[in-house]
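No lab work stands behind these numbers, since they all come straight from the coordinates. None of these values were measured; they are calculated from a predicted model. Note that each Cβ is placed from the backbone with ideal geometry, even for glycine, and that neighbours are counted across all protein chains shown.
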Amino acid sequence: MNIVSMENITFRYAEVPVLRNMDLEIREEEYVLLTGENGSGKSTLLKLLLGELQPQDGRVQMFGKDPGRVFSAGEVGYVPQNSISHNQNFPATVEEIMMTGLYRQIGRFRLPGRIHRECVTQTLEELGMERFLKKRIGELSGGQQQRIMLARAVAGNPKLLVLDEPTAGVDAQSVKEFYRLLNELNQKRKVTILLVTHGNISECAGAHRVLKMEEGRISN
């Protein structure tokens with residue numbers, strides 16, 4: 001089953017082409033790396049996948065549906081680029097940050113219950129971060145904060161995890177640990193992963209495929 005299907009995608013800003021007849025398929029339980037230099041089209045691809053943009057030509061589907069419907073249903077976990085840069089002075093605990101990843105399950109204008117607190121604790125334990133539950137997010141190192149953002153993205157048990165340059169600004173040892181956790185999540189939770197990066201992919205153990213984007217097209 002294809003989790004992601006992008007067929008014959010063309011996208012241009014004004015008259016400047018960014019993606020040219022691009023295709024991408026990601027199958028269920030795959031762990032896929034997408035690499036490419038800045039300006040190669042990776043960010044535009046992600047915006048199309050997240051439903052923030054619409055292609056001029058071609059079709060984008062996730063789980064056989066429009067991307068917007070998939071996100072509203074909570075089937076996708078997302079770790080955006082520079083997600084830790086806003087945490088330094090943010091007055092929230094790790095527990096409170098984690099709860100924001102469960103807002104669809106908790107519901108609007110409702111307080112989290114025992115089942116939600118247990119979900120947060122179990123997810124943090126799985127990623128080795130449970131001891132930071134009551135810590136302020138800004139008190140953690142960059143690597144620790146990024147692991148919390150990963151935990152937040154998977155707390156709702158998504159079927160697809162999308163990560164945009166998640167190791168930017170993180171030290172080398174924390175990068176290795178982060179990639180190890182991604183591999184474990186793929187193997188144990190069977191979550192499908194799309195990791196977008198222009199970093200060192202040699203440390204991404206466990207990835208099934210490495211794709212490269214150049215001038216608006218993807219190659220193996």
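Data table
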read-out: Net charge dipole size for segment 2-219 [Lys, Arg +1 and Asp, Glu -1 on Cβ; Debye, nearest 20]; value: 680
read-out: Anchor residue 47: lysines whose Cα lies under 22 Å away (excluding residues fewer than 8 positions away in-chain); value: 65, 159, 212
read-out: The chain - share of DSSP beta bridges that are antiparallel (%, nearest 5); value: 50
read-out: 222 nm mean residue ellipticity, helices alone, for the chain (DSSP H n ≥ 4; -39,500 (n - 2.57); rounded to 500); value: -8000 deg cm²/dmol
read-out: Cut-off 14 Å between beta-carbons: net charge of the residues surrounding residue 111, Lys and Arg +1, Asp and Glu -1; value: +2
read-out: Helix 142-154 axis, angle to the chain major axis (alpha carbon atoms, nearest 10°); value: 80
read-out: Hits among aspartates and glutamates - C-alpha to C-alpha of residue 176 under 16 Å, sequence gap 8 or more where chains match; value: 165, 184, 203
read-out: Charge dipole of the chain about the Cα centre (unit charges at C-beta), most positive-ward option of 193, 137, 62; value: 137
read-out: Net dipole in debye of segment 65-172 [+1 Lys, Arg Cβ; -1 Asp, Glu Cβ; about Cα centre; nearest 20]; value: 460
read-out: Whole-Hz ³J(HN,Hα) from phi, Karplus 6.51 cos²θ - 1.76 cosθ + 1.60, for segment 92-106, glycine and proline x; value: 9, 7, 4, 4, 5, 4, 4, 4, 5, x, 10, 4, 5, 6, 6
read-out: Neighbour net charge for residue 99 - beta-carbon separation under 14 angstrom, K R +1, D E -1; value: +4
read-out: Total formal charge among the other residues, if their Cβ is under 15 angstrom from that of residue 176, Lys/Arg +1 and Asp/Glu -1; value: -2
